[in-house]
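Asks: For reference, the structure I am asking about is given below.
Since every read-out is calculated from the coordinates, none of them should be taken as a lab result. Because the structure is a prediction, the values reported are computed rather than measured. Because the Cβ atoms are built from the backbone with ideal geometry, glycine has one as well, and the counts that use them run over all protein chains shown.
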Amino acid sequence: METLKVLHITPRPLPDIRVERAILSDHYMGNEVYLAAPDITGRAIREIPLGFYKLKFTLFDKAGYRRSRGKLKKIVQRVKPDVIHAHDFPSAYLSKGLAPMVYDSHEDRVSTAYIRAKVKLKTLLGPLSSLLEFIPKKYYRKNVEVIEDVVVVAPSNKIVEKYLKFGARKGFELPNFPHKLEVPKIEPGIEEETIHGAVDRPQYIVHGHKFPHRRPVDGFPKKFEEGRYGKLFFVGGNIGDYKNVTRHEFVPHMRLYEMFKDVRTLLVPRKPHPLHEGISPNRVYTLIQVGAVPVIPRTLTQVIKYVPEAITFYDDEEFRDILEGIANEDSDNRIRKKRRVYEVAKRVRRLDEVQREAYKYARSGKCLFIIALRRPSSPHLIILLMISPTKIASS
């Protein structure tokens, strides 16, 4: 099997488990791995050797873009990668044309970038934000432009289909499942489940944000103050103090498996939203590895596709009914569910061969330039020139 030099590029400092899983895949495939990023001191998976190049991104003005692009060009000239693995829009925008590239879109950037820009403007300017509508539209256009004629990997087929319509040369679905080298050999904590009645067991929540597709259901997490739903562990952010709620603002990724192995229910209490089809529910894919049964909005269709044991809700009332059912569920049924989810999770692992195929396609693809030389008496084109992406970068 051919060994490749792969240069990963990300605009965010590590830890970022999506980037690190891609690096882990390359290491497992025997590739020589390099990373250009702002910082890696917080990386979650430290055992993987890689060549690191410090690169801070400045894309918001032309001078900053030229400086960042110039620094990246020097890195590419030094590494001479067979393929660039660009994580998310800023990396793809900065590196397009420098070498054969795979654009790893961690979510539906075309839609979410537009929505986020609108929300931020409205937060800052209120009603006056409508006067600056051109800014979100600019983000939208740039996200579409970077997709044209590149190979894309994305966490769901919905995103892949959309990007192909925008002109992507090829698309691959690559959900952000844990890698088999990442997941320790753990058994879910089912032996610690008590055998009687409605049991007080911890829950886990993926916390919400202010963006429309991440708004929490009404009354959450106050619902847990009454005590009948059991105890809630809230990881990732400060939600205030509530009875029966334990907050963990940050938990290192590799500790999640051990720390929450006894969790029986994974809650994603977000209001259903169409944009859910374009996100990557990383914490869901991580926590099902310990057998936690996910309770999710129906719009997280990508989870339902791979984890049929997931319990779905449509609105706040249905979410509340599910919590009531869980609170009154008998112990044996709860253990059976946990075991089934755990068995499903063992089959839900990152597919190295998808990443390998994306690299292969990016390197073998040709950019077709049509030179319009015509005979005076004929409308037909007479010269077609094929140029490889590598030659474009060196020109």
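Asks: State, to one decimal in nm, how far the label point of LYS54 lies from the label point of ARG339, with both points 7 Å from Cα in the Cβ direction.
Replies: Roughly 5.4 nm, to one decimal.
Asks: Something else about it: Which ³J(HN,Hα) values in Hz, rounded to whole numbers, follow from the phi angles of the stretch 42-57 under the Karplus curve 6.51 cos²θ - 1.76 cosθ + 1.60, where θ = phi - 60° and Gly and Pro get x?
Replies: Computed from phi, the couplings for the stretch 42-57 are x, 3, 7, 10, 8, 7, 8, x, 7, x, 9, 10, 6, 9, 9, 8 Hz.
Asks: Under a straight-distance cross-link criterion of Cα-Cα below 16 Å, which aspartates and glutamates are reachable from LYS158, leaving out those fewer than 8 residues away in the same chain?
Replies: Straight-line reach from LYS158, under 16 Å: ASP104, GLU107, ASP108, GLU173, GLU277.
Asks: Of PHE234, PHE250, how do they rank once you tally other Cβ atoms within 10 Å and put the fewest first?
Replies: Values: PHE234 23, PHE250 8.
Listed from fewest to most nearby Cβ atoms, that is PHE250, PHE234.
Asks: For all pairs of alpha-carbon atoms in the stretch 238-377, what percent lies in each bin of width 10 Å, listed from the first bin to the last filled one?
Replies: Calculated over all Cα pairs of the stretch 238-377, the distribution is 9, 30, 31, 12, 7, 5, 4, 2, 0 percent.
Asks: Amide H to amide H under 5 Å from GLU32: which residues, 5+ apart in sequence or cross-chain, H placed 1.01 Å off N in plane?
Replies: LEU4, LYS5, VAL6
Asks: Next question. A 25 angstrom limit on the alpha carbon distance is what I want to check against. Which of LYS222/LYS346; LYS142/LYS180; LYS165/LYS271; LYS271/LYS305; LYS180/LYS337; LYS71/LYS162 exceed it?
Replies: Numbers: LYS222/LYS346 34 Å; LYS142/LYS180 36 Å; LYS165/LYS271 28 Å; LYS271/LYS305 19 Å; LYS180/LYS337 23 Å; LYS71/LYS162 32 Å.
Result: LYS222/LYS346; LYS142/LYS180; LYS165/LYS271; LYS71/LYS162 exceed 25 Å.
Asks: Treat each spin label as a single point 7 Å out from the Cα along the C-beta direction, and report the GLU145 to LYS305 distance in nm.
Replies: If labels sit at GLU145 and LYS305, their model points lie 3.0 nm apart.
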